[in-house]
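Report on the following structure.
The values are calculated or read from the model by the stated rules, or taken from the named source; none is laboratory data. In this text, all values refer to a predicted model and were calculated from it rather than measured experimentally. In this analysis, Cβ positions are derived from the backbone assuming ideal geometry, glycine residues included, and neighbour counts consider all displayed protein chains.
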Amino acid sequence: MNKFARIIGTGSYLPPNVVTNDDLSKTIDTTDEWITTRTGIKQRHVVSNESTCDLAEKASIKALEMAGIDVSELDLIILATTTPDKIFPATATMLQKAIGASCPAFDLQSVCAGFIFALTTAEQYIKTGAAKNVLVVGSETMSRIVDWNDRSTAILFGDGAGAVVLSGSEETGILHSKLFSDGTYLSSLQVNNNFINETGFIEMAGNEVFKIAVNRLSELAEETLNEVGMSSEELDWMVPHQANIRIISSVAKRIKTPMDKVIVTLENHGNTSAASIPLALDTAVRDGRIKKGDNLLMEGIGGGFSWGSVLVQF
Ligand code: UT7
């Protein structure tokens, strides 16, 4: 049995090709001003030939390097993705081969809440003693399921990957986690194919999703702090899913957290679904904002709907 699951390494990767708001305004009826004001997004990274596994590999290598453990010490790989490279085998097994690991590896699908679901699952393996070191990855090539002619969704999404190494420890790590799903909203945010062998693209009732995201995530943030017995002043950083700056700021306001304690990276990469929280986390760890011992609230919501939070002492 391990007392806590601690994050001992983070990594992230964005593909080099950048599509700015101005680039998009040349092909669809939109403007940089509209996208910036309504979402906070300025640009997104889009793969050329790279796969979801390629992005995951680059982020994972960085996380393993920071953790200072050898790949042979991994007991499990959980890859959260909405955009696996194939229906099967699992992209996690492709990643296992790419980084030279030999442990069990599986994909987890919970769209934009995927990283939170994967981190919570990994924590259970660690706390029961079934695993010591787990590689938890969020990797997405959302550009492959975006309808680039649909201005209501094409402006939002991007590609990227983030990873953490979670490890059993006597020192504090994850303090609390909470997961929810509600299948009544299946068609509010979905890929619009009927069967797995048909091509489909993201469609979203943006307004409805926006309101539900603000309400669910605000309630969740309040509940999480209450259940841990932590005041918002004791919270060092919110590391939210990067979907829309207006959603993020509404949730921060609800828990009385100033925006200078919120990690926001969406202007650089848009909504990268399961990759967005570990991308934001890694950015702030590497630029020195997040330090050992800081209390972090991570939370996200996505299609399903599924949503959840993880409160961690870093
Ligand atoms: O990650 C999981 C969850 N996903 C989200 O959290 C996304 C949640 N939703 C949102 O972020 C927002 O709803 C959007 C950014 C998608 C849309 O923003 P909004 O403020 O809710 O705009 P709206 O859909 O109410 O549209 C307002 C107007 C409409 O025009 P009219 O009817 O007022 O004339 C739209 O047709 O803006 C128009 N519009 C656009 N105009 C320029 C919609 N998309 C665009 C666009 N450029 N790209």
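Taken as a whole, the condition of being outside the structural domain of E227 (by TED's automatic domain parsing) and either in a loop (DSSP other than H, G, I, E, B) or within 13 Å of the ligand (Cβ to nearest atom) (or both) applies to G138. Residues in segment 1-40 that are within 30 Å of V165 (Cα to Cα) and among the small types (G, A, S): A5, G9, G11, S12, G40.
The residue pairs whose first member lies in segment 259-279 and is assigned by TED's automatic domain parsing to the domain that holds A221 and in contact (Cβ under 8 Å) with a residue 40 or more places away in the chain, whose second member is within 10 Å of the ligand (Cβ to nearest atom) and part of a strand (DSSP E or B), and whose beta carbons are closer than 6 Å, counting only pairs six or more residues apart or on different chains, are G270/F157; N271/F157; I277/G300.
Remark: pairs (first residue in segment 143-156, assigned by TED's automatic domain parsing to the domain that holds V46 and within 22 Å of E208 (Cβ to Cβ); second residue assigned to a loop (DSSP other than H, G, I, E, B) and near the ligand (Cβ under 6 Å from one of its atoms); Cβ separation under 7 Å; 6+ apart in sequence or on different chains) = R151/T30; I155/T30. For segment 141-151, which residues satisfy the criterion of being within 26 Å of M298 (Cα to Cα) and within 12 Å of the ligand (Cβ to nearest atom)? If the condition is that a residue be within 26 Å of M298 (Cα to Cα) and within 12 Å of the ligand (Cβ to nearest atom), then M142 is the only one that fits.
Check whether at least one residue in segment 247-254 is out of contact with any helix residue (DSSP H, G or I) (no Cβ under 8 Å at 6 or more places or on another chain), part of a helix (DSSP H, G or I) and away from the ligand (no atom under 16 Å from the Cβ), and report yes or no. Checking segment 247-254: at least one residue is out of contact with any helix residue (DSSP H, G or I) (no Cβ under 8 Å at 6 or more places or on another chain), part of a helix (DSSP H, G or I) and away from the ligand (no atom under 16 Å from the Cβ). Does segment 214-258 hold any residues that are of a type in the set (G, A, S), in contact (Cβ under 8 Å) with a residue 60 or more places away in the chain and more than 17 Å from G40 (Cα to Cα), and which are they? Within segment 214-258, A221 is the sole residue that qualifies.
Contact map, segment 105-119: first residue crowded, with 24+ Cβ neighbours inside 10 Å, second residue of a type in the set (D, E) and in a strand (DSSP E or B), Cβ cut-off under 8 Å, separation 6 or more or different chains; pairs are I116/E299. For I277, the conditions (1) within 16 Å of the ligand (Cβ to nearest atom); (2) touching a Phe, Trp or Tyr at 6+ places or on another chain (Cβ under 9 Å); (3) part of a loop (DSSP other than H, G, I, E, B) are fulfilled apart from (3). Screening segment 275-307 for residues that are of a type in the set (A, V, I, L, M) and under 10 Å from the mean Cα position of the chain (by Cα) and picking the one that is nearest to Y185 (Cα to Cα) gives I301. Considering S218, S232, S177, the condition of being among the small types (G, A, S), more than 11 Å from the ligand (Cβ to nearest atom) and touching a strand residue (DSSP E or B) at 6+ places or on another chain (Cβ under 7 Å) is satisfied by S177 alone.
Listed conditions (1) under 19 Å from A280 (Cα atoms); (2) small (G, A, S); (3) touching a Ser or Thr at 6+ places or on another chain (Cβ under 8 Å) are all met by S51, apart from (1). Being away from the ligand (no atom under 16 Å from the Cβ), among the aliphatic types (A, V, I, L, M) and closer than 25 Å to W34 by Cα is a property that M259 has. Applying a threshold of 6 Å to beta carbon distances and a minimum spacing of six or more residues, or different chains, the list of pairs starting in segment 183-204 at a residue that is assigned by TED's automatic domain parsing to the domain that holds G158 and ending at one that is surrounded by 12 or more Cβ atoms within 10 Å (Cβ to Cβ) and modelled with pLDDT under 95 is empty.
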